[in-house]
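Heads up: the structure comes next, in structure tokens.
Where a number appears in this text, it was derived from the coordinates with a stated rule and is not lab data. These numbers were taken from a predicted model, which means no experiment stands behind them. Cβ coordinates were reconstructed from backbone atoms using ideal geometry, including for glycine residues, and neighbour counts include every protein chain displayed.
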2 protein chains.
Amino acid sequence: MASYAIKGDFIWTEEPSRFRTMRNGYLVVDNGVIESLTEECPENYDIIDYSGHLIIPGLSDLHLHAPQYAYMGLYMDEELLAWLEKHTFPEEAKYGNIGYAEKAYTAFVKDLLSGPTTRLSAFGTIHTDSTLLLMRLLDEAGFYGFAGKVNMDRNSPDYLSEDTDVSISETIRFLDSAEGNIKPIITPRFIPSCSDKLLRKLGIIAKERNLPVQSHLDENLSEVEWVKELCPWSTSYSDAYDHFGLLGNTPTIMAHVVWPSDDEIALLSERDVFVAHAPSSNTNLSSGIAPVRKFMKNGVKTGLATDVSGGSSLSLFRVIQDAIGVSKLRWRIKDDSDSPLTTSEAFFLASKGGGAFFGKVGSFEAGFDADFSVLDESLINTPLDGLSVSERLEMYIYRAADKPVFAKYIKGKKVH
Amino acid sequence: MASYAIKGDFIWTEEPSRFRTMRNGYLVVDNGVIESLTEECPENYDIIDYSGHLIIPGLSDLHLHAPQYAYMGLYMDEELLAWLEKHTFPEEAKYGNIGYAEKAYTAFVKDLLSGPTTRLSAFGTIHTDSTLLLMRLLDEAGFYGFAGKVNMDRNSPDYLSEDTDVSISETIRFLDSAEGNIKPIITPRFIPSCSDKLLRKLGIIAKERNLPVQSHLDENLSEVEWVKELCPWSTSYSDAYDHFGLLGNTPTIMAHVVWPSDDEIALLSERDVFVAHAPSSNTNLSSGIAPVRKFMKNGVKTGLATDVSGGSSLSLFRVIQDAIGVSKLRWRIKDDSDSPLTTSEAFFLASKGGGAFFGKVGSFEAGFDADFSVLDESLINTPLDGLSVSERLEMYIYRAADKPVFAKYIKGKKVH
């Protein structure tokens, strides 16, 4: 069915400052693209009737590690560097076994499909074939987005480290083999795990092939110090990526950015780098609280991210909660010049804000891709009547974050 | 069935520093009390077989507002005093209607029953009959604990304020009418809403009848300032309660305690006051992060609390997550002399720590009440095998916080 109209109660954000809503509206979809959202029942369209249901735009997860889903919610008593060494690296090594990868990635995709995420940019592992498998499973489930074979050639355990030349040749093989709607993205793990030679070469590949880039930036204080030691010539962690051609020469996502200098914020803004704000993870790994209000004030493109399994839930509703929550704590105990995020602002980051990395995604404006989720409010068990559409959404975000959505469409196709 | 043995995989904390576990153990229960936890199958007992299931002690919710459940997850863009005025007071006023109270409290009890909570200390509203109804519904569902008719005779809207003498006479009627396993507790809302005369009289009633007390303390900076103005003779908010005989003359719960002075911490410790730590609420209402490590170092009795609907989930698993999370943020951005809570420490606070307010509750030691929940780990969708019992619990806490428990027993009786 290439053309149809969806009936229901719609809520979305065109700008951060406020919700837009339409009760009993019709979302007219042509070939996977939104033609209009209207109060009049359109003629000559099949109507798919979700009357009484809340319908939200697709949410985008700008940063997560698919292989870490298997142990999501474990090992939360550590900081980043110890957590990587003791738990994450041994777990990721298992994905050298394609049979294990299939079992684990299947569980991951199943869970992701039931939630509100429609777009994602995922890390795989260093293993090319497992990462291609991940992309195939996501594509078959109906997702669009990016996934990357990870590059690591230094400061990593032998069992999860590549020879520099092999890392490059496997990246080329990965890029040449990728097909389907999950596109490849250049994915150096972070500066500590990649030699200068490897980083430089990845920057060249990204530019030559016009490929997007994703990595980690300014997550943890010890990590930031380490990068200073590894790149003594750099003025900042961001400057180090920039030096290797990995900061916005092509579309770029940098995850976390908890400890940026003002100069780094200015540089990220200038280069149109997307910050993947991952408050749940930054809390779990004791990293800190990213200055999201400063990003917004300074025009840094920003979206939300689960960062599974630094984050312990695949639900972007939970990340919305946490983005609001930590912004309140930061305002109260660290910097009262940065006001907390409102519900509409956090929702904007999760929908249209992060969605912009994938094109016209995350709103109900004409010309946007028809990504949306239909919610089941019977899950929230409230005796209250007469709530407004935006009150219904706020309540859903807090009370039903980890529950399955009622239905989900990506580029107009029903996937759940 | 007065005597039986429960078979399963047990995990509990006798002290904060570590988990105890027993795989394939037998919990022997006699008349609602734990006789032993043993690896040998006991003779002459009926066996209730939950093999392969994780079994945890009952968790205690030291502070929540039952009438606020209806709008849990709404109005999270406000701080405490505005939130009370604009949203909470109008909502609580509805409980003057016993029909509304029955509908709303029934939804509350239904949700509470499906989660891991076995004991609670709840606020009702100023309405005596609605609060008695709440106690009956909780009792019929099998819960034990406390609930209080709230006292408010100043700085409150007309529609939710009592004449001082009526507040006192209604309190007496409330105390004389209460029956069942949910016992009455003296419940001045907080100092700003209660006149000196009312507070003094409540202190006398508590002492004369040997009744426990619950209230709010040091939640929000504006509230603390306000109490200074209202009680200019006091050396602190705690001292003000103490002056009225409401700080540990009888068993006492004070919720929040986000902004205590060192002297207040010493006083709370000396008076054996229980602090109800409510990290989810303290985040949602931008209150701050309570110094839980300082409470533990200074011997302040501490438990966890959802504080619905400052808190936006009825699940103490979620509160465990948040207690750990905010302690990490506090350590990172405010005071690195107070180390973050570990998983076992937060679990201890939710089980044996807060349970001590209710007697011998929250552990699998002999002589403790047989309160426990059986968990359904199929909910956590992990491909990992061979996890330890404590790893299984940690994963459950993060991945299945808001999901129903498989079975729940309170004082030996199956309630869910």
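What to note about this one:
- Unmet requirement for residue B:184, which otherwise passes all of (1) under 20 Å from residue B:72 (Cα atoms); (2) in contact with a strand residue (DSSP E or B) (Cβ under 8 Å, 6 or more places away or on another chain): (1)
- Leading residue by the ranking (farthest from the other protein chains (Cβ to nearest Cβ)) among those in the stretch A:394-406 that are among the aromatic types (Phe, Trp, Tyr) and under 15 Å from residue B:70 (Cα atoms): A:396
- Condition met for residue A:326 (within 11 Å of chain B (Cβ to nearest Cβ) and among the β-branched types (Val, Ile, Thr)): yes
- Taking the numbered list (1) within 13 Å of chain A (Cβ to nearest Cβ); (2) hydrophobic (A, V, I, L, M, F, W, C); (3) under 17 Å from residue B:160 (Cα atoms) in turn, residue B:104 passes all entries but (3).
- Subset of the stretch A:282-307 (residues that are under 17 Å from residue B:331 (Cα atoms), assigned to a helix (DSSP H, G or I) and either more than 16 Å from the chain's Cα centre (by Cα) or of a type in the set (A, V, I, L, M) (or both)): A:283, A:284
- Any hit, the stretch B:98-110, residues being touching a Pro at 6+ places or on another chain (Cβ under 8 Å), of a type outside the set (A, V, I, L, M, F, W, C) and under 25 Å from residue B:224 (Cβ atoms): no
- Condition check for residue B:349: crowded, with 17+ Cβ neighbours inside 10 Å and farther than 29 Å from residue B:23 by Cα: no
- Selected residue (criterion: surrounded by the most Cβ atoms within 10 Å (Cβ to Cβ)) from residues of the stretch B:261-281 that are in a helix (DSSP H, G or I) and within 14 Å of another protein chain (Cβ to nearest Cβ): B:279
- One residue alone among A:26, A:4 is among the aromatic types (Phe, Trp, Tyr) and in contact with a Lys or Arg (Cβ under 6 Å, 6 or more places away or on another chain), and that residue is A:26.
- Of the candidates B:399, B:330, the single residue that is over 21 Å from the mean Cα position of the chain (by Cα), crowded, with 22+ Cβ neighbours inside 10 Å and within 21 Å of residue B:113 (Cα to Cα) is B:399.
- Qualifying residue in the stretch B:51-64 (condition: within 14 Å of chain A (Cβ to nearest Cβ), under 23 Å from the mean Cα position of the chain (by Cα) and acidic (Asp, Glu)): no
- Count - residues of the stretch A:112-142 that are within 14 Å of another protein chain (Cβ to nearest Cβ) and under 15 Å from the mean Cα position of the chain (by Cα): 3
- Residue match in the stretch B:371-386 (condition: among the hydrophobic types (A, V, I, L, M, F, W, C), closer than 23 Å to residue B:36 by Cβ, surrounded by fewer than 18 Cβ atoms within 10 Å (Cβ to Cβ) and away from every other protein chain (no Cβ under 14 Å)): no
- Checked against the criteria, residue A:95 counts as touching a helix residue (DSSP H, G or I) at 6+ places or on another chain (Cβ under 9 Å), in contact (Cβ under 8 Å) with a residue 24 or more places away in the chain and within 13 Å of another protein chain (Cβ to nearest Cβ).
- Count - residues of the stretch B:37-57 that are at positive phi and touching a residue at least 12 places away in the same chain (Cβ under 8 Å): 1
- Within the stretch B:282-296, considering residues that are in contact (Cβ under 8 Å) with a residue 40 or more places away in the chain and more than 9 Å from chain A (Cβ to nearest Cβ), the one farthest from residue B:117 (Cα to Cα): B:294
- When B:345, B:391 are checked against the criterion of being of a type in the set (Asp, Glu), within 14 Å of another protein chain (Cβ to nearest Cβ) and within 21 Å of residue A:402 (Cα to Cα), B:391 stands alone in meeting it.
- Residues of the stretch B:104-127 that turn out to be buried (at least 21 other Cβ atoms within 10 Å of the Cβ) and more than 24 Å from residue B:347 (Cα to Cα), as a count: 6
- Flag if residue B:313 is in contact (Cβ under 8 Å) with a residue 24 or more places away in the chain, under 18 Å from residue A:330 (Cα atoms) and crowded, with 22+ Cβ neighbours inside 10 Å: no
- Of all residues in the stretch B:235-260 being in a strand (DSSP E or B) and away from chain A (no Cβ under 14 Å), the one that is nearest to residue B:74 (Cα to Cα): B:255
- Boolean, residue A:300 is surrounded by 24 or more Cβ atoms within 10 Å (Cβ to Cβ) and within 12 Å of chain B (Cβ to nearest Cβ): no
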